[in-house]
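What follows draws every value from the coordinates through simple rules; no lab data is involved. Every value quoted in this text rests on a predicted model; they were computed, and no experiment measured them.
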Amino acid sequence: MFKVKRKSQVTSKTILFNQQTNIVDSKNQVALKTLSSKELKLALAQLKGWQLQEGKLHRRFCFSSFEKALGFMSGLALSAKKIEHHLEESELYNCVTVDLITPEIGGITDLDVQLAQQANRLASILKAFY
């Protein structure tokens, strides 16, 4: 087992990693684990437009304007910050590509699924086309 410090605005958290690719937050005792193949298949079935690509949840969103694409990126970044999670976003004019993985454990977790759901909600509000 080894420790990694993860900083937030309010506190610094120590996260313990074990060999089963689980994360245990020593302060809150919250376990974070990679999704099993079955869990991942179920999650993908419920995430419209998302697919598994290179071990990550992947989706491309296109909008009617650059401004809407930028608004989507900003909104999703704020959502990620709120749950203290990272994402990979890239933008080409009016289209945004999003890749989600939990790098601390090198797999897809519930946090990635939550962020994918939030991305779909935000895209719906901004009237993304696909």
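Figures for the structure shown
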| read-out | value |
| --- | --- |
| Hz values of 3J(HN,Hα) by residue in segment 114-127 - Karplus curve (6.51, -1.76, 1.60), Gly and Pro given as x | 4, 5, 5, 4, 5, 4, 5, 5, 5, 4, 5, 4, 8, 6 |
| Added length on full extension, which subtracts the Cα-Cα distance from 0.36 nm per residue, GLU84 to GLN53 | 8.9 nm |
| Amide H within-cut-off set for LYS33, under 5 Å, with H built and near neighbours excluded | ILE23, ASP110 |
| Phi to ³J(HN,Hα) by Karplus 6.51 cos²θ - 1.76 cosθ + 1.60 over segment 84-89, Hz, x for Gly, Pro | 6, 10, 10, 9, 10, 10 |
